[in-house]
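Taking it in order: structure first as C-alpha cells, then the write-up.
The values are calculated or read from the model by the stated rules, or taken from the named source; none is laboratory data. Predicted model, so just to flag it, every value in this text is computed and none were measured. So basically every Cβ, Gly included, is an ideal-geometry build from the backbone, and we count neighbours across all protein chains shown.
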Amino acid sequence: MRDYILRRLLLIPPIMLGVSLLTFLTFQLIAGDIVDLKCGFTCPPETREALREELGLKRPLYEQYGDWLWGVVRGDLGDSIATGVPVTTELGRRLPITAELMVLTIIFSLLLGVPVGVLSAIRPGSLLDSFARFVSVLWLSIPSFYLGVLVITFSFSWFGWVPPQFGAEGHRSFFEDPWANLQEFIFPSLVLAAASAAVIMRLVRSSLLEVMRQDYIRTAWSKGLRERGVVWRHAFKNAVIPVVTILGLEIGGLLGGTVIVESIFALNGIGFYLLTSVILRDLFVVQSLVLFFAATYVIANLLVDVSYAWLDPRIRYG
C-alpha cells in the first residue's frame, strides 16, 4: 500500500505540469487579451502597446509561462493582471466558501441517494422503486444552472424570499451567523447535489441488487438474520464500493458545477473567481485555479483508491 501511494504521489507533478501547459497553450488560441477589455476599442495603439509592456504581455510566451511556473514551485501563484491582488490572497478568502459548498453538496448527495437506493433495491418493482427511478432520471435531465435559476425565481415569486447573500451584508460565515450561513448554502448545495444524488441512487440500487444475489447473502438469510442486519451489515459494505468510485469522479463534476452555481447564487467562491477571470482574460489566475482544481481532483481520486482496501479487505495494492 505504501509503495502504491508513493507511486501515485510521484505522478502528481507531471500531471499538474501537463494541465498547466495545456491551459496556457489553449488560452493563447483565444482572440484578444485583457488590454482589449481595459482600453476598449477607442484606445490609441501606443497606449495599448505601453499597457501590454507594463503587464508583461509582450514578453515571449516561454518566459511568461516559465516565470509563472517558477513562482508556483516557490508557492507563489502570482498576481491578478486585472486587479493586482495576489492569487493566494483571493484563494484564502474564497476557498472556505467553495469548500463549504462542496462538503454540503456531498452530504446531501449521500443523504438523498443512498437511503433511497437501498430501499429501492430491497423492494424492486414496488411503487417506491418505480417512483425513485423516475425522479432520478428527471434530476439527471435537468442542468444545474437551469435548476438554480428556477429555485431563485420561484422562491422569490411565491414566497418573496431571496438568499441573504443577495442583500447588502453579503456572505456570513457559519461561526458568525449559523442560520444566515445555512440559508446561503442550502439551495446551491441542493441544486448541485440533485444530479449526484440521482447517480448515487441508481448505482446503489444496481450494486445492491447484484450483491443480494450472492451466496454469502443467502447464507445470512438461512441463519435467520433480520433484514436490517443482512442489508446493512453484510450486503451494503460491498455494494458501496462503486459509490465511492463515483464520488471520486463526481468531485470533478462538482468543481465544474460550482463555476456556474456560484455565479447564479452570488457566492463569491473559487468557481465565481474562475468565471470572472476567464471573462477578463486574466491568464495566470485561470492557470492557477485550473491547477488547483486538477490537484483537488487527483488527490480525491487517490483517497478513493486507498479507501477500497478499507471497504474490502480482499483488495491489495502491489
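Going through (1) of a type in the set (Ser, Thr, Tyr); (2) part of a helix (DSSP H, G or I); (3) modelled with pLDDT under 80 one by one, Tyr317 falls short only on (2). Of all residues in the range 210-230, how many are assigned to a loop (DSSP other than H, G, I, E, B) and either among the charged types (D, E, K, R) or under 30 Å from Gln183 (Cβ atoms) (or both)? Going through the range 210-230 one residue at a time, the tally reaches 3. Taking helices (runs of 4 or more DSSP H) as the structural unit, those lying wholly within the range 55-161 and holding at least 2 residues that are closer than 27 Å to Arg233 by Cβ correspond to 87-122, 127-141.
Set side by side, the residues Leu289, Leu208 differ, and just one is modelled with pLDDT of 80 or more and over 21 Å from the mean Cα position of the chain (by Cα), which is Leu208. Out of the residues in the range 231-268 that are of a type in the set (Val, Ile, Thr), under 18 Å from Ile107 (Cβ atoms) and part of a helix (DSSP H, G or I), state the one that is modelled with the highest pLDDT. Selected residue: Val261. Taking each residue of the range 80-91 that is in contact (Cβ under 8 Å) with a residue 60 or more places away in the chain and looking for partners that are in a loop (DSSP other than H, G, I, E, B) with beta-carbon atoms closer than 7 Å, six or more apart or interchain, yields Ser80/Asp282; Ile81/Asp282; Ala82/Leu280; Ala82/Asp282; Val87/Leu77; Val87/Gly78; Val87/Ser80.
Every residue, every condition in (1) surrounded by 14 or more Cβ atoms within 10 Å (Cβ to Cβ); (2) within 22 Å of the chain's Cα centre (by Cα); (3) farther than 30 Å from Ile264 by Cα, yes or no:
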{"residue": "Gly66", "(1), (2), (3)": "no, no, yes"}
{"residue": "Leu69", "(1), (2), (3)": "yes, no, yes"}
{"residue": "Val85", "(1), (2), (3)": "no, no, no"}
{"residue": "Glu90", "(1), (2), (3)": "yes, yes, no"}
{"residue": "Leu95", "(1), (2), (3)": "yes, yes, no"}
{"residue": "Thr98", "(1), (2), (3)": "yes, yes, no"}
{"residue": "Ser130", "(1), (2), (3)": "no, no, yes"}
{"residue": "Arg133", "(1), (2), (3)": "yes, no, no"}
{"residue": "Val151", "(1), (2), (3)": "yes, yes, no"}
